[in-house]
Amino acid sequence: MTSIDTKCVQAGYDPKNGEPRVLPIVQSTTYAYDTPEAMGDLFDLKAAGYFYTRIGNPTNAGLEDKVNALEGGVGALATASGMSATMLAVLNLASAGDNFVSSSNIYGGTYNLFAVTLKRMGIECRFVENDAPAEEIESKIDENTKFIFVETIANPAGKIADFDKFSQISKKYGLVLMCDNTISTPYICRPFEYGVNVIVHASTKYLDGHATSVGGLIVDGGNFEYLGNPRYPLFNNPDNSYHGLVFAKDFGNACFITRARVVGMRDLGAIMAPMNAFLTVLGTETLHLRMPRHSENGLALAKALESNPAVEWVKYAGLENDPDHAKAVKYFTNGYCAGMVSFGIKGGREAASKFQKALKLFRIVTHIADSRSCVLHPATTTHRQLSDKDLEQAGVPANLIRLSVGTESAEDIVNDVLNALIESQK
Ligand SMILES: *Cc1c(COP(=O)(O)O)cnc(C)c1O
């Protein structure tokens with residue numbers, strides 16, 4: 001199974017003789033054993049097996065193994081949401097008193113987690129602009145820095161991470177590079193190939209692809225040496241909750257994901273429901289068909305917007321004159337840029353409201369990245385607490401409209417938007 005298309009359809013579940021062809025939903029919290037010794041070995045991590053669904057579940061394993069295969073990692077962990085994936089991944093590296101460096105062009109929920117909640121827990125996020133020069137990024141790093149965080153395609157700003165720049169810095173300082181690969185998906189971009197060590201996902205978006213299930217994943221690239229690296233005591237010091245086991249020694253290149261499961265998930269419990277794992281696996285079976293379509297439709301719409309008199313600017317890396325276009329060509333499969341297109345509408349908030357009301361195919365929802373086209377005006381919804389000046393600073397100006405382009409016909413999509421733009425200017 002070498003092609004990613006084949007992996008989308010088949011990876012992660014391989015039934016034995018007489019077993020169900022489709023990944024079954026194992027709706028069970030517990031698993032039965034014949035002897036207490038057999039169960040005891042599982043608790044000591046001496047043997048592999050299921051004993052409680054918070055730590056592992058066969059349906060979740062089907063999703064984990066598939067996304068791991070798509071990303072090219074050494075192991076994955078399914079979580080209750082994209083936010084819990086990021087939270088668990090961060091806490092797997094950082095403790096109170098530690099810090100990390102993050103691009104400021106990231107998903108709004110992640111920004112809040114980093115800027116407010118983690119800060120209250122004593123973990124400091126040092127933000128840098130996506131395009132910041134290497135020297136500025138390096139000036140934020142000290143001996144308590146635990147990782148660098150970027151988003152492949154930033155939601156909603158549409159900027160693309162410069163993997164070469166960030167991975168050169170992380171290698172120079174012996175730091176983990178973590179990446180949110182939600183909007184690109186492994187079909188479009190596989191960040192482990194560009195020096196990323198840990199990937200997080202909101203499977204809520206394109207992996208599910210049909211807006212049925214909130215969920216997340218952490219994937220371990222197995223390409224970072226924790227053993228002996230003084231930045232990472234959690235992997236090098238004996239863990240008393242497992243009889244003094246040393247993760248970097250005992251689990252080798254899969255130590256990150258093992259610890260995320262047996263410590264992080266054990267203690268924080270943000271597990272994905274098996275039903276959601278099943279639905280997400282079903283979604284991934286068409287990922288290789290949907291992502292090119294989302295990308296082609298996104299590009300068709302972005303081109304139509306570019307020349308429209310009601311549009312002040314368009315942000316879509318698939319456009320040849322976009323400042324992020326060269327990165328899309330360099331890092332993305334066939335230059336595909338998925339279906340998230342942002343633009344600035346002439347006439348600000350009032351025109352934005354008229355535009356949304358006039359759309360027929362695009363519905364107003366707080367979501368992106370499913371088969372149905374949808375629209376969001378951040379200034380009056382997700383970012384409504386921010387002033388126009390704050391919006392500008394966050395890279396989400398008041399006239400920004402975020403469109404998530406679905407898999408309907410490109411002609412219907414473009415016509416719907418062009419009609420609504422005419423209405424917006426009346
Ligand atoms: C939606 C999203 C998240 C958060 O995922 P949830 O499942 O809603 O918790 C994180 N990162 C990105 C890029 C997202 O788009």
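No lab work stands behind these numbers, since they all come straight from the coordinates. None of the values given here were measured: they were computed from a predicted structure. Please note: Cβ atoms are built from the backbone with ideal geometry, for glycine as well, and neighbour counts cover all protein chains shown.
Things to note:
- When the C-alpha to C-alpha distance is required to be over 23 Å, the pairs from K46/K249; K159/K330; K165/K303; K146/K172 that qualify are K165/K303.
- Against the chain, whose longest principal axis comes from its Cα atoms, helix 82-91 is set at around 50 degrees.
- Calculated FRET efficiency for the pair T6/N240, C-beta based, R₀ 35 Å, to 0.05: 0.20
- Within a straight-line Cα-Cα reach of under 19 Å, K357 can be paired with the following aspartates and glutamates, leaving aside sequence neighbours fewer than 8 residues apart in one chain: D412, D416, E423.
- Measuring max minus min along each principal axis, the C-alpha atoms of region 25-162 give extents of 59, 31, 25 Å (largest first).
- Contact order normalised by residue count of the chain, Cα under 8 Å, 6+ apart, percent: 16 percent
- Only helices enter the 222 nm calculation for the chain: every DSSP H run of n ≥ 4 contributes -39,500 (n - 2.57), and dividing by all residues gives -9500 deg cm²/dmol, rounded to 500.
- Cα gyration tensor shape of region 271-395, rounded if a/c is under 1.5, else prolate or oblate by comparing a/b with b/c: oblate
- Considering only the chain, percent of DSSP beta bridges that pair antiparallel, nearest 5: 60 percent
- Kirkwood analysis of region 334-425, using all unique Cα-Cα pairs, places the hydrodynamic radius at 13.5 Å.
- Seen from all directions on average, region 110-244 presents a Cα convex hull projection of 9.7 nm².
- Computed over region 142-215, the P(r) curve from all C-alpha pair distances, binned at 10 Å from the origin, holds 20, 47, 25, 7, 0 percent per bin.
- Bins of 5 Å, starting at 0 and running to the largest distance - Cα pair percent for region 101-165: 4, 17, 29, 25, 17, 7, 1
- Rounded to 10°, Cα long-axis angle of helix 163-172 versus longest principal axis of the chain: 40 degrees
- Here the Kirkwood formula puts the hydrodynamic radius of region 82-127 at 10.5 Å, using every distinct Cα pair.
- Expressed in units of 2.2 N^0.38 Å, where N is the residue count, the Cα radius of gyration of region 4-282 is 0.99.
- Over region 263-315: Kirkwood hydrodynamic radius from C-alpha pairwise inverse distances, Å: 14.7 Å
- Tensor-based shape of region 216-261 (alpha-carbon gyration tensor, a/c under 1.5 rounded, otherwise prolate or oblate): oblate
- Degrees separating the helix 410-424 axis from the principal Cα axis of the chain, which is the longest one: 60 degrees
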